[in-house]
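Engineer: Here you go, one structure.
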Amino acid sequence: MDSFLFVCLFTAFTFTGSPGLKASLSDSAVPYDYFRLFIDDDLAALLVDNTNVYANQCQASTSMKPHSRLKRWKPVNADDVYLFLACATVMGLVVKPEIKDYWSTNAFLDTPIMHSIMSRNRFEIILTHMHFVDNTIMVNKCNKLWKIQPALDHFVKKFSSVYIPEQNIN
């Protein structure tokens with residue numbers, strides 16, 4: 001191994017960061033305030049634009065059945081994206097066997113908040129068409145993550161601008 005490369009790889013670097021939260025939040029901040037540090041209007045706009053593009057592409061290229069949900073597609077907006085993510089967050093906290101169970105009227109399965117956030121049909125059609133990129137524009141064929149690369153880039157930027165980790169990460 002080249003000695004220069006060895007020195008570069010194994011030289012201890014001095015940690016100069018000041019670990020902790022770099023974003024300024026008040027002492028009365030609630031979980032939503034932390035959520036918005038990472039899921040901001042830029043990410044919502046990315047989802048809105050690309051989800052609507054994909055839904056339009058699907059409508060144009062598909063011969064739909066008479067009662068297809070896609071015929072009733074309404075373009076999403078930023079509020080829809082935030083509500084969709086709220087539903088997805090609830091689903092991560094309250095695990096059920098199937099998506100439809102979150103909107104069940106069965107007393108044993110009911111998750112009342114879901115009915116007030118968004119209808120099941122709206123959730124499912126947004127889920128089906130959720131996109132981070134326009135499928136017709138593939139920038140890098142070698143990147144297997146190209147469909148989610150804009151979201152990954154967004155989160156890397158946000159994580160590095162919001163928080164500095166401790167010197168020793170276990």
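Engineer: Which whole-number percentage describes the relative contact order of the chain, with Cα contacts under 8 Å and a sequence gap of 6 or more?
Structural biologist: 36
Engineer: Between Phe155 and Arg120, what is the FRET efficiency for a Förster distance of 22 Å, r being their Cβ-Cβ separation, to the nearest 0.05?
Structural biologist: Plugging the Cβ-Cβ distance into 1/(1 + (r/R0)^6) gives 0.20.
Engineer: Counting helices only, and only those DSSP H runs with n ≥ 4, report the 222 nm mean residue ellipticity of the chain as the sum of -39,500 (n - 2.57) divided by its residues, in deg cm²/dmol to the nearest 500.
Structural biologist: Helix contribution divided over all residues of the chain: -15000 deg cm²/dmol.
Engineer: At 7 Å along the Cα-to-beta-carbon direction for both Ala107 and Ala60, put a label point, then send me their distance in nm to one decimal.
Structural biologist: So the two model labels end up 5.2 nm from each other.
Engineer: As an exercise, use a Förster radius of 45 Å and the Cβ-Cβ distance of Arg72 and Tyr163 to find the FRET efficiency, rounded to the nearest 0.05.
Structural biologist: With R0 = 45 Å, the Cβ-Cβ based efficiency is 0.60.
Engineer: Here is a follow-up. Between Pro66, Tyr102, Met91, whose Cα lies farthest towards the positive end of the dipole of the stretch 30-154 when Lys and Arg beta carbons carry +1 and Asp and Glu beta carbons carry -1, centred on the Cα centre?
Structural biologist: Going by the Cα projections, it comes out as Pro66.
Engineer: Okay, moving on. What are the lysines whose alpha-carbon lies under 27 Å from the alpha-carbon of Lys100, with same-chain residues fewer than 8 places away excluded?
Structural biologist: Cα-Cα hits under 27 Å: Lys65, Lys71, Lys74, Lys147.
Engineer: For the stretch 30-50, list residues with backbone N below 16 Å from a point placed 7 Å from the Cα of Ala88 toward its Cβ?
Structural biologist: Residues 35-50 fall inside that zone.
Engineer: Read through the labelled values (1) 16.8, 51; (2) 21.5, 70; (3) 17.7, 56 and report the label of the one computed as Rg and Dmax of the Cα atoms in Å from the structure.
Structural biologist: Given (1) 16.8, 51; (2) 21.5, 70; (3) 17.7, 56, the calculated one carries the label (2).
Engineer: Starting from 0.36 nm per residue, how many nanometres of slack lie between Leu127 and Ile148 once their C-alpha separation is accounted for?
Structural biologist: Numbers: separation 21, 0.36 × 21 = 7.56 nm, distance 1.47 nm.
Going from the current span to full extension adds 6.1 nm.
Engineer: Using Cβ counts within 10 Å as a stand-in for footprinting exposure, how do His67, His131 rank, fewest first?
Structural biologist: Ascending Cβ contact count within 10 Å gives the list His67, His131.
Engineer: A further question on this structure: For the chain, find the longest principal axis of its Cα atoms and tell me its angle to the long axis of helix 149-162, 0 to 90°, nearest 10.
Structural biologist: Helix 149-162 and the main axis of the chain meet at about 50 degrees.
A short reminder: the numbers here are calculations on the coordinates, not readings from a lab. Model, not experiment: these values are computed from the prediction. Glycine gets a Cβ as well: all are built from the backbone with ideal geometry, and neighbour counts include every protein chain shown.
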